[in-house]
1. For V69, are the conditions met, namely being in contact with a Cys (Cβ under 9 Å, 6 or more places away or on another chain), modelled with pLDDT of 95 or more and open to solvent by less than 50 Å² (accessible area, probe 1.4 Å)?
2. How about the range 72-82: which of its residues are surrounded by fewer than 19 Cβ atoms within 10 Å (Cβ to Cβ) and among the β-branched types (V, I, T)?
3. Can you tell which of A85, A62 is out of contact with any Phe, Trp or Tyr (no Cβ under 6 Å at 6 or more places or on another chain), at pLDDT 95 or above, surrounded by 13 or more Cβ atoms within 10 Å (Cβ to Cβ) and among the small types (G, A, S)?
4. Would you kindly identify the helices (runs of 4 or more DSSP H) lying entirely within the range 1-61 that contain at least 3 residues that are in contact with a His (Cβ under 8 Å, 6 or more places away or on another chain)?
5. Would you mention how many residues in the range 100-124 are under 15 Å from V71 (Cα atoms) and open to solvent by less than 50 Å² (accessible area, probe 1.4 Å)?
6. Return the pair list, or none, for Cβ contacts closer than 6 Å from residues in the range 126-140 that are touching a residue at least 60 places away in the same chain (Cβ under 8 Å) and of a type in the set (S, T, Y) to residues that are outside any loop (DSSP other than H, G, I, E, B) and surrounded by 13 or more Cβ atoms within 10 Å (Cβ to Cβ), at least 6 apart or on different chains.
7. Of everything in the range 125-144, what is assigned to a strand (DSSP E or B), open to solvent by 40 Å² or more (accessible area, probe 1.4 Å) and under 8 Å from G61 (Cβ atoms)? Give them in sequence order.
8. Considering only the range 62-103, state which residues are farther than 24 Å from P130 by Cα and in a loop (DSSP other than H, G, I, E, B).
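The values are calculated or read from the model by the stated rules, or taken from the named source; none is laboratory data. Predicted, not measured: the structure shown is a model, and the values here were computed from it. Cβ atoms come from the backbone with ideal geometry, glycine included; neighbour counts cover every protein chain shown. The accessibility values were calculated without ligands, DNA or RNA, using every heavy atom of the protein model including side chains. Shrake-Rupley method; radii C 1.70, N 1.55, O 1.52, S 1.80 Å.
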Amino acid sequence: SDPAPFDPAHSLGRALLKPTRLYVKSCLAAIRTTGGVKALAHITGGGFPDNIPRALPKTLGAHIDLAQVKVLPVFRWLAQTGGIAMHEMLRTFNCGIGMIAVAAPDKADEVLRVLREHGETAMPIGHVVPAQGEERVTYSGTLELSQ
């Protein structure tokens, strides 16, 4: 019942148990109206490195620009309070990116527009690349984990 250190307007318990956001309506709208959505990756347990490759053929991977990820305050608090390294944060949590849409390059702007029109905070955070070995998700930049 204590106030959340990262969101004093809510209790810590309520903030940590916030229900999962549902993306079905906005994703279906993007799929149906743009024809540009090639895959969707729901970023759940396993974070970025486990979930993104599941949505891609084995010959492809993704390069993510971590500077584009707007880390939610709860994840910055968890990282700092728990002493959790960036790599472990990416492997365990979604860090505020609940769904990744893989879009055809020529349709990416249209997919973003439709998702935003349906209430999502959508932004480009990376691109598809050829897979290179076991690590199918590579990164540049760093997550902003300090408060």
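1. Judged against the criteria, V69 is a match.
2. T81
3. A62
4. Answer list for the range 1-61: 24-34.
5. Total satisfying the criteria: 2.
6. Short answer, once both residue conditions are applied: T138/H63; Y139/I64; Y139/L66; S140/D65.
7. Listed by number, the residues that qualify are V128, P130, T138.
8. K70, V71, L72, G83, I84, A85, F93, C95, G96
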